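The values are calculated or read from the model by the stated rules, or taken from the named source; none is laboratory data. Computed from a predicted model, the values in this text were never measured in an experiment. Here the Cβ positions follow ideal geometry from the backbone for every residue, glycine too, while neighbour counts run over all protein chains shown. Protein only, heavy atoms only, side chains kept; ligands, DNA and RNA dropped before computing areas. Shrake-Rupley method; radii C 1.70, N 1.55, O 1.52, S 1.80 Å.
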Amino acid sequence: MRIVRYLGLRLALLVPTLLGVVVLSFVLVRVLPGDPLAAFVTPSTTSEDIEKIRQRLGLDVSMWEQFTTYVGGLFRGDLGTSIQSGSPITTELSTRFGPTMELVVISVVISLLLALVLGVWSALRANRPEDHVIRVGSLVGTALPEFWLGLILIAVFYKTLHWFPAPSGRVDRGVDLTSITGAEGFDALLAGNLTALSSALAHLVLPVATIVIGISASLMRHVRASAIEILASPTWRTAQAHGVRRGALLRGYLLRGTAARLPTLVAIVLGNVLGGVVLVEYVFSWQGMGQWLLRGLLYRDYPVIQAGVLISAVVFAVAYLVADLVQALLDPRVKL
Amino acid sequence: MAPGVLTWTGAVLVAAVAILALAAPLLTSWGPEDIDPTAIRQGPSSEHLLGTDLNGMDVWSRLLHAARIDLGLAIISVAVAVAVGAAIGALTGYVGGWLDALVMRILEITQSFPTFILALAVAVVLGPGAVNLGIVVATVAVPSYARLVRTEVRTVRELGYVDAARTSGISNLAVLWRHVLPNSLTAVRVVAPLNVGWAMLALAGLSFLGFGVPVPQPEWGVMISEGTSDIVAGRWWTTVPPGLALVICVLGFSLLGEGLQERETRRRSR
Amino acid sequence: MSAGPLLDVRGLDVRIPVRDGTVHALRGVDLRVEPGEVVGLVGESGGGKSMLASAVIGMLPANAVTQGEVLFRGADVLTMTREELLHHRGHGAAMCFQHARAALEPMRQVRKQLADRLRAHRHLGGQGVHDESRRLLTEVGITDLDRVLAAFPHELSGGMAQRVMIALALACAPGLLLADEPTTGLDVTLTADVLGLLRRLATEEGRGVLLISHDIAAAALVCDRIVVLRAGEVVEMGPTRQVIDTPRDDYTRELLAAVPDIDRPLPPVDHRSTAAAPVVTLQDVHVHYRARFGRTGHHALRGVSLEVHAGTTVGIVGESGSGKTTLARMLLGLVAPSAGRASVAGTDLSRLDRASRRRLSRSVQMVFQDPLGALDPRRTVLDAITEPLIPLGLSNAERQERATAVLRRTGLDDRFLSRYPHQLSGGQAQRVGIARALVADPDLLVFDEPTSALDVTVQAQILDLIRDLAADTARAQVFVSHDLATVRSFCDRVVVVYLGEIVEEGTVAEVFESPRHAYTKSLLAAAPRLGGRLVDNPTAREETTS
């Protein structure tokens, strides 16, 4: 019950923040240098033609009117129309959102599991050689630029070893798969199409590995730190001095305590991934939101930039909300 | 690992890169933007230690000169972000009230964008160029420092010695300056070196995408971006060295931060 | 039961290698505990009590170098294998750790934590765990079983958490129970309850109990024998009465002398005039902490009237939550009165602006409860002491001169001026705190439990210093304490606060010899006395959660 009330309160608090996000993304886009109409200008276009296009795009009215139109559209679930392609943003998003989320979610889940296992293990063997290896490894992992790592992985595993397919799509050409969510692996799973599934997974391996190497390392360092803190706590000492069985000790005291500190961290990491995925999609020609946003930025496609920035902020905010809820469920001391 | 070992290894890595950057003109006869029309995409040779790129520019020379931009810009922008963030955080945290509520709301909104995406947008607004790139990175880093310092200030504000200082009759500003601020910067001292590493990755990433340092200038992200077609074709020398240089620097700062953190936790546990 | 002692420590020597040399933590300690016996292990912090306890449960630091034997039912704990230790820890000897609330796993319900122990050592399951859990909690004097079983540790009060801690230890069915400072942070009445419980566990269930305490008076209440540990060495050991009545070692005598015994005769009071204008005047003062978002506020002071004259010392006594700290903070201008008239040295406390605040800070200074916490870790002693002089605009040389003078007055020499807080002991830090309070020559000095965070022998020294300061006729002093006995030797008047009101006020002789209010009487009755012996008192009082 208190969870429901808490959720309501948090959603209410989200409103002003999201409003701020909407305003900021709108303003940010309008102060961009360059004209979105530049792309339409050819030597033969007259100023009349440009005026017409301007009107068609709704850019001829005042800033304030543009804003109210935009916000009004948001309430109807209308994010506007892309200047470049002329198709509605929501249509474009539907094919872009799935691929990105597939990449992000799979990477975060794998990283989380990896970090939890390695971090706790490393903490239990603190200051032994294997711990040092893991720690140095994790430091190197966080130091790797993902765009460079992606290139290296492509050069080694695609170009040299031919283990994985070319970084130019999300399934092999010729694989028959109808798109449902846009996340190919998930679609293949839904359709029970095994050929498509294996093809999609093969395409996922390198980009996912690129993301996982970076973020699991930083997550792991936090897991290790909190596990070490628990191992040094009076709480742990008490349980140990009372001869609690090792299984109960590890599960009920160490893992539980470590996990309870994770959710907020995962949300923060997710924010990093949402940003980093732009680079990874670029390197692997992964046609997701990142690529779409990049193109929008290049061509000053206002509605695309607005929508891209807004969606990433919403996903981030929802992730935080979920993290706080999970945290509250895991830790009874959190006041709702 | 002793904190000393970590800190020193980190410091040595960073210092080595810094020295190489400063000594760049002595270590190469080629300018970073000089074009050797006779050598385009050539492998390492005695003339070009690390070969040449697609424009016929010397990779070794560019690698060294790029360190000036990457390292220098990252350090300066983080320093600026720390100064501005600490000032905002200390003031709002100590004063509290509506000012605090307002500023925190604004910071919260900017922080509800994934950092890199915000940086991208700001970078596009400001336009390309090294100075603008530094401003971008500093801007997106300010909110986190402000909030970090604010949290610390609010903890320290309640401590016994601050109460004691208040009853001693010195002014509020003096309490803030003498006691609250120095004791609130502990966390920042640890986080800042780690963030220089993050800043380097962000700078390079933005440049890699074409939103940072413009092309002929030597910068590691730009170099990797220009070498993209090379590496797939097996010409490693244009991409691998700048990437490794980035890794070494970021690792150096991480080690430094880790060492400082360890020392701090040991100091506290005593 | 076998004929031999339950625990027999023989010539135990423990050295811990540290960076620069070794710490000789225990030096040839001998100690025995028989079944059914309560043995008190007494001494100050750093004396090796906790190290000895760790040795008994086989949890010495991994790098400890040991000599001698720790025989538990004949088996040496020091040479046990991992499996033997798992059995010994908990089932052989179980430790009740101090600061129980922090030592319980915060994310696990009491029910589960009990089950963990019952499963490990008693091989119970399901219904067995359920029944035994309830029995154990009842045994330690908990009545609302369902609530406590379902509670998380942070939902328990300090006293309740301590009982739960004992129940957890008992769930292991130990032969020997070690209780490490089980009464720190508890009120006098709760202390008596917990000690009574330990006594009963020994007498009725035949367990051995090793009570570790810095408080020799508390140990004297329930222990059969007392062992005094100092710097890792046993300096005195014997039956309780013998140790208390005829101590042979100087250190034991020192410990005993430091106990503020309530039955000791009153010191001669020199009568001072109270004719001068009062330094503190409170008339029907209320302090109401404002509520946040709809919750009811906290009414900390409810109509307090009080006068304190120059040259006198007033003791303000009450348990935690009585409002005594609020009263002290109000005198310093840190809390504003919500109603009533309050003035200190002519400054009205209800309307403080910048100028009057500055005036107030010149006339009132406070000595804080946590001496180290009141010093900025990044500033030297000189900085700390001279800070109140900054608004006075003195030259550097003058400041240093005055700092040196007050520091001497508090018994430290000027070598301390350049030290940092972490280089000071608790007692030294408190002397610095007192010097800092004295340096600007205030009209009123407020002591907020200045000795409660210190070791007993150090407490006695600081109290001596305060008694000495009380002789100054130019200054008024207010001494806040939770403990009646402490204020007795140097206060002129005593005020007892209870739930934000003054329930008793009078000269020391009046309050101690003929208390009128029931609360004062109960405080006096529960105060530690060396001659006393705790009657078994298993009926636990109801407690409320914090």
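Considering (1) within 20 Å of residue C:6 (Cα to Cα); (2) out of contact with any Phe, Trp or Tyr (no Cβ under 8 Å at 6 or more places or on another chain), say which one residue C:114 fails and leave the rest.
Only one criterion is unmet by residue C:114, namely (1).
Go through region B:8-31 and give me each residue that's open to solvent by 30 Å² or more (accessible area, probe 1.4 Å) and within 25 Å of the chain's Cα centre (by Cα).
Going through region B:8-31, the residues open to solvent by 30 Å² or more (accessible area, probe 1.4 Å) turn out to be B:8-9, B:11-13, B:15-16, B:18-20, B:22, B:25-27, B:29-30.
Scanning region B:8-31 gives B:8, B:9, B:11, B:12, B:13, B:15, B:16, B:18, B:19, B:20, B:22, B:25.
Can residue A:268 be described as surrounded by fewer than 23 Cβ atoms within 10 Å (Cβ to Cβ) and in contact with a helix residue (DSSP H, G or I) (Cβ under 8 Å, 6 or more places away or on another chain)? Let's see the steps before the verdict.
On the way: surrounded by fewer than 23 Cβ atoms within 10 Å (Cβ to Cβ): yes; in contact with a helix residue (DSSP H, G or I) (Cβ under 8 Å, 6 or more places away or on another chain): no.
Criteria not met by residue A:268.
How many residues does region C:56-84 contain that are open to solvent by 30 Å² or more (accessible area, probe 1.4 Å) and hydrophobic (A, V, I, L, M, F, W, C)?
So the answer is 6.
Residues that are free of Cβ contacts under 8 Å to residues at least 24 places away in the same chain and open to solvent by 30 Å² or more (accessible area, probe 1.4 Å): which helices (runs of 4 or more DSSP H) entirely in region C:426-530 hold 2 or more of them?
C:456-470, C:508-513, C:518-526
When you check residue C:339 against the structure, is it in contact with an Asp or Glu (Cβ under 9 Å, 6 or more places away or on another chain) and crowded, with 19+ Cβ neighbours inside 10 Å, yes or no? Talk me through it step by step, then tell me what you get.
Working: in contact with an Asp or Glu (Cβ under 9 Å, 6 or more places away or on another chain): yes; crowded, with 19+ Cβ neighbours inside 10 Å: no.
For residue C:339, the condition - in contact with an Asp or Glu (Cβ under 9 Å, 6 or more places away or on another chain) and crowded, with 19+ Cβ neighbours inside 10 Å - is not met.
Only one of C:183, C:189 is open to solvent by 10 Å² or more (accessible area, probe 1.4 Å), part of a loop (DSSP other than H, G, I, E, B), in contact (Cβ under 8 Å) with a residue 24 or more places away in the chain and not assigned by TED's automatic domain parsing to the domain that holds residue C:482; which? Walk me through how you get there before you give the answer.
On the way: C:189 fails: part of a loop (DSSP other than H, G, I, E, B).
Exactly one residue qualifies, and that residue is C:183.
Here is a yes/no grid of residues against (1) in contact with a Gly (Cβ under 6 Å, 6 or more places away or on another chain); (2) at pLDDT 90 or above; (3) in the same structural domain as residue C:56 (by TED's automatic domain parsing):
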| position | (1), (2), (3) |
| --- | --- |
| C:218 | no, no, yes |
| C:229 | yes, yes, yes |
| C:238 | no, yes, yes |
| C:244 | no, no, yes |
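Just to be sure I understand, how many residues within region B:144-168 are charged (D, E, K, R), facing chain C (nearest Cβ under 10 Å) and not in a helix (DSSP H, G or I)? First the steps, then the outcome.
Keep residues of region B:144-168 that are charged (D, E, K, R), which gives B:147, B:150, B:152, B:154, B:157-158, B:163, B:166.
Next cut, facing chain C (nearest Cβ under 10 Å) only: B:163, B:166.
Keeping just the survivors that are not in a helix (DSSP H, G or I) gives none.
The total comes to 0.
Please report, ordered by residue number, the helices (runs of 4 or more DSSP H) entirely within region C:299-393 with at least 3 residues that are within 15 Å of residue C:502 (Cα to Cα) and assigned by TED's automatic domain parsing to the domain that holds residue C:483.
Details: elements: C:324-331, C:354-363, C:381-386.
The helices (runs of 4 or more DSSP H) meeting that bar are C:324-331.
Pairs only if they're at least six apart or on different chains, beta carbon under 6 angstrom, first in region C:388-405 and more than 14 Å from chain B (Cβ to nearest Cβ), second at pLDDT below 90; list them, first residue then second.
The qualifying pairs are C:404/C:414.
Looking only at region A:284-301, count every residue that is under 13 Å from residue A:85 (Cβ atoms) and open to solvent by 10 Å² or more (accessible area, probe 1.4 Å) and tell me the total. Give the derivation first.
Applying the first criterion (under 13 Å from residue A:85 (Cβ atoms)) to region A:284-301 yields A:292, A:295-296, A:299, A:301.
Among the residues that remain, those that are also open to solvent by 10 Å² or more (accessible area, probe 1.4 Å) are: A:292, A:295, A:299.
Of the residues in region A:284-301, 3 are under 13 Å from residue A:85 (Cβ atoms) and open to solvent by 10 Å² or more (accessible area, probe 1.4 Å).
Out of region B:85-113, which residues are open to solvent by 50 Å² or more (accessible area, probe 1.4 Å), within 26 Å of residue A:275 (Cβ to Cβ) and within 14 Å of chain A (Cβ to nearest Cβ)?
B:105, B:106, B:108, B:111
Report those helices (runs of 4 or more DSSP H) wholly inside region A:114-228 carrying at least 3 residues which are in contact with a helix residue (DSSP H, G or I) (Cβ under 7 Å, 6 or more places away or on another chain) and within 14 Å of chain B (Cβ to nearest Cβ). It would help to see each step written out before you state the result.
Numbers: elements: A:129-143, A:146-153, A:184-191.
Qualifying helices (runs of 4 or more DSSP H): A:129-143, A:146-153.
With the structure loaded, tell me whether residue B:238 is open to solvent by less than 50 Å² (accessible area, probe 1.4 Å), more than 14 Å from chain C (Cβ to nearest Cβ) and either of a type outside the set (Lys, Arg) or more than 26 Å from residue A:272 (Cα to Cα) (or both) or whether it fails that test. Talk me through it step by step, then tell me what you get.
Details: open to solvent by less than 50 Å² (accessible area, probe 1.4 Å): yes; more than 14 Å from chain C (Cβ to nearest Cβ): yes; either of a type outside the set (Lys, Arg) or more than 26 Å from residue A:272 (Cα to Cα) (or both): yes.
Yes.
Just checking, which of C:127, C:98, C:162 is in contact (Cβ under 8 Å) with a residue 60 or more places away in the chain and out of contact with any helix residue (DSSP H, G or I) (no Cβ under 8 Å at 6 or more places or on another chain)?
Values: C:127 fails: in contact (Cβ under 8 Å) with a residue 60 or more places away in the chain; C:162 fails: out of contact with any helix residue (DSSP H, G or I) (no Cβ under 8 Å at 6 or more places or on another chain).
C:98 is the lone residue from the list that is in contact (Cβ under 8 Å) with a residue 60 or more places away in the chain and out of contact with any helix residue (DSSP H, G or I) (no Cβ under 8 Å at 6 or more places or on another chain).
Residue under question is residue A:232, and the condition is that it be more than 24 Å from the chain's Cα centre (by Cα), open to solvent by 10 Å² or more (accessible area, probe 1.4 Å) and within 14 Å of chain B (Cβ to nearest Cβ); does it hold? Working first, answer last.
Numbers: more than 24 Å from the chain's Cα centre (by Cα): yes; open to solvent by 10 Å² or more (accessible area, probe 1.4 Å): yes; within 14 Å of chain B (Cβ to nearest Cβ): yes.
Yes, satisfied.
With the requirement that a residue be of a type in the set (A, V, I, L, M) and either touching a strand residue (DSSP E or B) at 6+ places or on another chain (Cβ under 7 Å) or at pLDDT 90 or above (or both), what does region B:193-221 give you?
Just the residues of region B:193-221 that are of a type in the set (A, V, I, L, M), to begin with: B:194, B:196, B:199-204, B:206, B:209, B:213, B:215.
Those that are of a type in the set (A, V, I, L, M) and either touching a strand residue (DSSP E or B) at 6+ places or on another chain (Cβ under 7 Å) or at pLDDT 90 or above (or both): B:196, B:199, B:200, B:201, B:202, B:203, B:204, B:206, B:209.
Looking at residue B:193, is it away from chain C (no Cβ under 11 Å), surrounded by 24 or more Cβ atoms within 10 Å (Cβ to Cβ) and not in a helix (DSSP H, G or I)?
Taking the combined requirement at face value, the residue does not satisfy it.
Has region B:223-233 got at least one residue that is surrounded by 21 or more Cβ atoms within 10 Å (Cβ to Cβ) and at the interface with chain A (Cβ under 7 Å from one of its Cβ atoms)?
Yes; the residues of region B:223-233 include at least one that is surrounded by 21 or more Cβ atoms within 10 Å (Cβ to Cβ) and at the interface with chain A (Cβ under 7 Å from one of its Cβ atoms).
Residue by residue, here is whether (1) over 30 Å from residue C:373 (Cα atoms); (2) touching a Leu at 6+ places or on another chain (Cβ under 7 Å) holds:
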{"position": "B:123", "(1), (2)": "yes, yes"}
{"position": "B:140", "(1), (2)": "yes, yes"}
{"position": "B:146", "(1), (2)": "no, yes"}
{"position": "B:154", "(1), (2)": "no, no"}
{"position": "B:159", "(1), (2)": "no, no"}
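For the condition open to solvent by 10 Å² or more (accessible area, probe 1.4 Å) and modelled with pLDDT under 90, what is the one hit in C:360, C:301, C:352? I'd like the intermediate steps shown before the answer.
Working: C:360 fails: open to solvent by 10 Å² or more (accessible area, probe 1.4 Å); C:301 fails: open to solvent by 10 Å² or more (accessible area, probe 1.4 Å).
Being open to solvent by 10 Å² or more (accessible area, probe 1.4 Å) and modelled with pLDDT under 90 holds for just one of C:360, C:301, C:352, which is C:352.
Just name the residue that is farthest from the other protein chains (Cβ to nearest Cβ) out of those in region A:272-283 that are open to solvent by 10 Å² or more (accessible area, probe 1.4 Å) and under 19 Å from residue A:158 (Cα atoms).
Among them, the one singled out is A:283.
Condition test on residue A:321, is it over 14 Å from the mean Cα position of the chain (by Cα), at pLDDT 90 or above and hydrophobic (A, V, I, L, M, F, W, C)? Show your work before the answer.
Details: over 14 Å from the mean Cα position of the chain (by Cα): yes; at pLDDT 90 or above: no; hydrophobic (A, V, I, L, M, F, W, C): yes.
So residue A:321 fails the test.
Scan region B:241-261 residue by residue and report those that are within 10 Å of chain A (Cβ to nearest Cβ), over 16 Å from the mean Cα position of the chain (by Cα) and open to solvent by 10 Å² or more (accessible area, probe 1.4 Å).
B:244, B:261
Looking only at residues in region C:101-114 that are in contact (Cβ under 8 Å) with a residue 24 or more places away in the chain and closer than 15 Å to residue A:257 by Cα, which one is surrounded by the most Cβ atoms within 10 Å (Cβ to Cβ)?
From region C:101-114, those in contact (Cβ under 8 Å) with a residue 24 or more places away in the chain are C:101, C:103-111, C:113-114; that's our starting set.
Now drop any that are not closer than 15 Å to residue A:257 by Cα, which leaves C:103-109, C:113.
Numbers: C:103: 24, C:104: 23, C:105: 24, C:106: 16, C:107: 19, C:108: 22, C:109: 17, C:113: 28.
The selected residue is C:113.
Name the residues in region A:250-261 that are crowded, with 18+ Cβ neighbours inside 10 Å and within 12 Å of residue C:116 (Cα to Cα), would you?
First, pick out the residues of region A:250-261 that are crowded, with 18+ Cβ neighbours inside 10 Å: A:252-254, A:257-261.
A:252, A:253 - these are the residues of region A:250-261 that are crowded, with 18+ Cβ neighbours inside 10 Å and within 12 Å of residue C:116 (Cα to Cα).
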